[in-house]
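Single-structure report; data block below.
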Amino acid sequence: MDNFGLKELTREESINTNGGILGSIIIGLCILNSNRSINSNIMNGLLNYFLMHTSFIKLNSKCLASLLFVLLCSISTLANNSTKLKTTDDVIISLPDSLKPTSSLTREENFKIRSTFILVDKPARLHTMRQFSQNYLGTYLLVANSAYETFKFLPATYFVLGVSTILGMPLTHEEGHRSILTYKNIGSISRPYFNSKGAAYVQGVTDNSLIELRDNDLPNYIRLHTAGLESDYMLAHKIESYMVFSPHNQKLLYIEYLMRKLSLLQYYLTGLFKYDFDLVEETDELKRDIVGHDVYGAVKHIHRPNEEFIRYNQYVDLTKEEKSMIKRIGWRSLFNLASPFLFFKNGFSISQNVKYNLSLGYTMSPFGDFIDQYIWLSIKEQNFMLYFRQHQNKENWFPAAGVGIYDLPLGKRFRTDANIHVWNQPKGLSFTETIGFWGGAFDISLRYLITPNFGERLKRISFDIGILAKTKGFMPEEMEMDKSIGGRFGMSLYY
């Protein structure tokens with residue numbers, strides 16, 4: 001029991017298990033493989049074993065063994081697409097195409113979609129911001145692709161995706177906030193769907209817990225306000241990468257992408273219109289939202305961290321200097337509209353083998369805000385991304401940059417992503433500091449592909465591991481702002 005937490009809330013929080021993540025994967029698999037026979041799947045799996053002469057890999061983890069069993073029982077093969085084999089007795093045997101011996105994975109076997117799920121992240125608590133956002137996006141792609149393949153009629157598909165987006169957006173936004181509390185061992189409850197006041201809450205936290213966080217760890221307290229927007233921003237960025245590297249995703253993800261962009265503008269532009277909401281702090285502190293208005297609260301506390309503690313800050317209560325920053329945030333948020341993806345443009349061609357795309361972005365940070373410039377490159381089907389970032393605290397600018405390579409083949413069964421980040425940030429992650437420090441991070445992930453073709457829709461699965469090592473500094477979606485090294489484990493579905 002941490003000093004920050006409440007016993008009742010920690011107990012309720014502990015109900016969350018990795019079963020929720022596995023459940024979403026299994027539900028998605030059932031959607032993908034609906035109207036198929038489980039018995040047929042088992043038989044086809046056994047036939048694959050004998051015909052392919054593959055070796056059985058023993059897994060010590062009961063969790064992975066159970067998951068593989070579910071996968072093998074829920075995945076089917078095409079009975080209609082068959083290959084005819086002729087024996088020496090002139091007897092013709094028809095076998096499904098998926099049973100044809102295919103011993104290797106070639107570079108040309110590019111599937112339309114890859115849904116990735118993170119089962120364990122660092123810290124190993126449910127959920128980190130990166131973990132929840134990635135698992136939501138992986139599930140969304142499963143549902144979206146199933147809707148697209150089932151309905152064909154685009155308006156019906158868009159309706160399904162629109163409902164998913166409306167329900168999913170407050171869920172991921174509020175979990176972004178809650179991830180900071182989970183990281184700091186503070187119990188909380190997410191109420192992501194709008195209450196009678198038209199607001200989504202994270203609640204169940206005492207004033208004393210929030211005051212202690214503010215007084216002892218101001219960067220994380222400011223990030224508590226901006227984490228929902230950080231989550232929205234990084235989900236939009238993930239979607240951009242998905243659409244560049246797999247154009248088929250444009251059809252599935254455009255509505256989600258558009259809504260994420262509009263959600264960012266909705267928050268950031270309110271200050272330009274001097275908008276105030278009607279929320280009044282509830283009498284019971286455990287029923288209050290943790291921060292109130294995300295932007296107003298962050299700006300007020302970053303300027304006046306020692307003022308009397310108030311959760312629900314109004315525009316009229318801000319000082320002239322704070323209102324000036326609110327305007328800065330509002331105007332800069334328009335950078336989020338500088339994106340060809342919003343206009344259905346996945347990329348541009350320099351030549352037959354070289355394609356690229358560009359995008360700008362903006363959101364807040366624990367010590368101010370930052371502007372991004374992203375460049376994606378595809379050179380002979382090898383994917384790269386480069387970005388430049390400009391942080392600003394109260395008055396000073398601090399540069400950052402990064403480069404990554406994606407889906408790099410390492411032999412027949414391995415794929416890797418590798419990213420390098422370099423940054424300059426203010427000492428102490430302070431809003432007022434004029435002197436910066438240099439830092440950086442290295443992030444690598446490796447995917448091991450199970451190569452047999454599992455069926456008509458689901459083509460491959462992979463088991464994924466990743467390692468991120470970083471110095472002190474803020475990275476979007478990364479929970480640790482101190483020096484750290486940590487790993488993650490998950491899986492991907494290819495279809």
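All of the numbers you see were taken from the coordinates with simple rules; none came from a lab. This is a predicted model, so every value here is computed, not measured. Cβ: placed from backbone, ideal geometry, glycine included. Neighbour counts: every protein chain shown.
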> Given the conditions (1) in contact (Cβ under 8 Å) with a residue 60 or more places away in the chain; (2) buried (at least 18 other Cβ atoms within 10 Å of the Cβ), and given that HIS293 satisfies all but one, which numbered condition is not satisfied?
Replying inline: (1)
>> Is it the case, given these coordinates, that GLY271 is over 16 Å from the mean Cα position of the chain (by Cα) and at positive phi?
In response: no
> Given (1) closer than 30 Å to ILE222 by Cβ; (2) assigned to a loop (DSSP other than H, G, I, E, B), where does ARG389 come up short, assuming only one miss?
Replying inline: (2)
>> Of the residues GLU477, GLU433, GLU456, only one is of a type in the set (Asp, Glu) and under 25 Å from SER133 (Cβ atoms); which?
In response: GLU477
> Hey, does segment 164-182 have a residue that's among the basic types (Lys, Arg), under 30 Å from ARG304 (Cα atoms) and part of a helix (DSSP H, G or I)?
Replying inline: yes
>> Consider segment 379-393. How many of its residues are surrounded by 15 or more Cβ atoms within 10 Å (Cβ to Cβ) and among the hydrophobic types (A, V, I, L, M, F, W, C)?
In response: 2
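So, GLU282, is that one of a type in the set (D, E, K, R) and over 30 Å from LEU142 (Cβ atoms) or not?
Yes.
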